[in-house]
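Colleague: Below you'll find the structure I mean.
The values are calculated or read from the model by the stated rules, or taken from the named source; none is laboratory data. Here the structure is a predicted model, which is why all the values come from computation and not from measurement. Cβ placement follows ideal geometry from the backbone for every residue including glycine, while neighbour counts extend to all protein chains displayed.
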Amino acid sequence: MQQIINTSDNYQQQLSNEEELAYKSTENALKAEQKQQPYKVSIKKLEAWFGTKQALKDINLDVKENTITAIIGPSGCGKTTLIRCLNRMHEMTPSSRSKGQVIIDGIDIYDRNIDPVIIKRRIGMVFQKPNPFPTMSIYDNVAAGLKLNGVKDRQLIDEIVKESLQGAGLWEEVRNELDRPGMGLSGGQQQRLCIARALAMQPEVLLMDEPTSALDPMASSKIEELVHDLEQELTIIIVTHNMQQAARVSDYTAFLYLGELVEYGPTKKIFENPEKELTERYISGKFG
Ligand SMILES: Nc1ncnc2c1ncn2[C@@H]1O[C@H](COP(=O)(O)OP(=O)(O)OP(=O)(O)O)[C@@H](O)[C@H]1O
Ligand SMILES: [Mg+2]
């Protein structure tokens, strides 16, 4: 299991035992599967609907640990829906449903013994538009999830806040103004604050939905560098509309079209020598 913060042992102890047990109980049941499971994330026959509208069809995708996977495809093809299925956010939309398996570290996150709250903690998400908690300080934005999970040790929270902000490449810019409102930061800083907030929960997988689409090129390239650095600690799945960004940051690329996974493979291959004509047409900007 990846630990991005040294203090995580202490932190883990503070997490509710009950939650941990609920998670662990399926761990045993699925041990056999886990042994044969070399991937960090394995998506099997995933389908998703909004009411009667099917947004994802038979998605099969395996993601290796400590890699960056880009999800590309035209607007409405299901990119956001796909990553929302990976931390059980999809089911929070009224009348939505999904089918199939999402196996993370050998555990099916849709197993009925799994608490979705734990899943959201272990599989972090950063959204298209930076969304710091509007009334909270920089410090509290990062600490909020820890406090919500019952962590009370102030010194421990201080350490995790610092390490998360360092991990998000924001510490040097905000270390002397942690009490200022998170909303007072620039757009790029706000997005890094949201990344720090996600890191504070010590996720194993980080999902990012077009994290730079609202940012200027300088702020975007800072996030790209950060994503690259975080790959050492995390498995990252990033949705992007920007082909150059996908080519620059990712190891693997998945191309979705009309809810189907058209092609998936090493980014270099997808961009230089794709198997499918549709992929080639999309990559070269012939539609989208
Ligand atoms: N809340 C919703 N209710 C009903 N249909 C939805 C909802 N959200 C998305 N959809 C539909 O599901 C399909 C996939 O949408 P999704 O948001 O996953 O696409 P996307 O690839 O992320 O698009 P974009 O690039 O514009 O963000 C689309 O047809 C969309 O209209
Ligand atoms: Mg989207």
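Colleague: Please give the strands (runs of 3 or more DSSP E) falling wholly within the range 55-150 in which 2 or more residues are over 15 Å from the mean Cα position of the chain (by Cα) and surrounded by 18 or more Cβ atoms within 10 Å (Cβ to Cβ). Outline the logic, then answer.
Modeller: Details: elements: 68-72, 96-104, 123-126.
Per the criteria, 96-104.
Colleague: Do any residues in the range 65-83 that are within 13 Å of ligand 1 (Cβ to nearest atom) have Cβ atoms under 7 Å from those of residues that are part of a strand (DSSP E or B) and of a type in the set (Asp, Glu), where the two are at least six apart or on different chains, and which pairs are they?
Modeller: THR80/ASP209; ILE83/ASP209
Colleague: Next question, about the same structure. Given ALA246, ALA254, ALA214, which one is within 16 Å of ligand 2 (Cβ to nearest atom), assigned to a helix (DSSP H, G or I) and not polar (S, T, N, Q)?
Modeller: Values: ALA254 fails: assigned to a helix (DSSP H, G or I); ALA214 fails: assigned to a helix (DSSP H, G or I).
Among ALA246, ALA254, ALA214, only ALA246 is within 16 Å of ligand 2 (Cβ to nearest atom), assigned to a helix (DSSP H, G or I) and not polar (S, T, N, Q).
Colleague: As an exercise: evaluate GLN202 against (1) under 16 Å from GLY124 (Cβ atoms); (2) within 16 Å of ligand 2 (Cβ to nearest atom); (3) of a type outside the set (A, V, I, L, M, F, W, C) and give the number of the one condition it does not meet.
Modeller: Exception for GLN202: condition (2).
Colleague: Continuing with the same structure: Scan the range 217-229 and tell me whether some residue there is closer than 15 Å to ASN131 by Cα and either among the hydrophobic types (A, V, I, L, M, F, W, C) or not in a helix (DSSP H, G or I) (or both). Walk me through how you get there before you give the answer.
Modeller: Here is the first cut: in the range 217-229, the residues closer than 15 Å to ASN131 by Cα are none.
No, the range 217-229 contains no residue that is closer than 15 Å to ASN131 by Cα and either among the hydrophobic types (A, V, I, L, M, F, W, C) or not in a helix (DSSP H, G or I) (or both).
Colleague: If you don't mind, there's one more thing I want to ask. Would you be able to tell me the number of residues in the range 188-220 that are within 16 Å of ligand 1 (Cβ to nearest atom) and under 13 Å from the mean Cα position of the chain (by Cα)?
Modeller: 5
Colleague: With respect to ILE283, is the statement that it is surrounded by 22 or more Cβ atoms within 10 Å (Cβ to Cβ) and either closer than 24 Å to ALA55 by Cβ or modelled with pLDDT under 95 (or both) true?
Modeller: Values: surrounded by 22 or more Cβ atoms within 10 Å (Cβ to Cβ): no; either closer than 24 Å to ALA55 by Cβ or modelled with pLDDT under 95 (or both): yes.
For ILE283, the condition - surrounded by 22 or more Cβ atoms within 10 Å (Cβ to Cβ) and either closer than 24 Å to ALA55 by Cβ or modelled with pLDDT under 95 (or both) - is not met.
Colleague: OK, next. Taking ASP158 and the conditions (1) of a type in the set (D, E, K, R); (2) over 25 Å from GLU224 (Cα atoms); (3) not in a helix (DSSP H, G or I), which numbered condition does it fall short on, given that it satisfies the others?
Modeller: Only one criterion in (1) of a type in the set (D, E, K, R); (2) over 25 Å from GLU224 (Cα atoms); (3) not in a helix (DSSP H, G or I) is unmet by ASP158, namely (3).
Colleague: Can I ask one more? Working only within the range 257-288, note down all residues that are of a type in the set (Ser, Thr, Tyr) and in a helix (DSSP H, G or I). Give the steps one after another, and end with the answer.
Modeller: Residues of the range 257-288 of a type in the set (Ser, Thr, Tyr): 257, 264, 267, 279, 282, 284.
Residues satisfying the conditions are THR267, THR279, TYR282.
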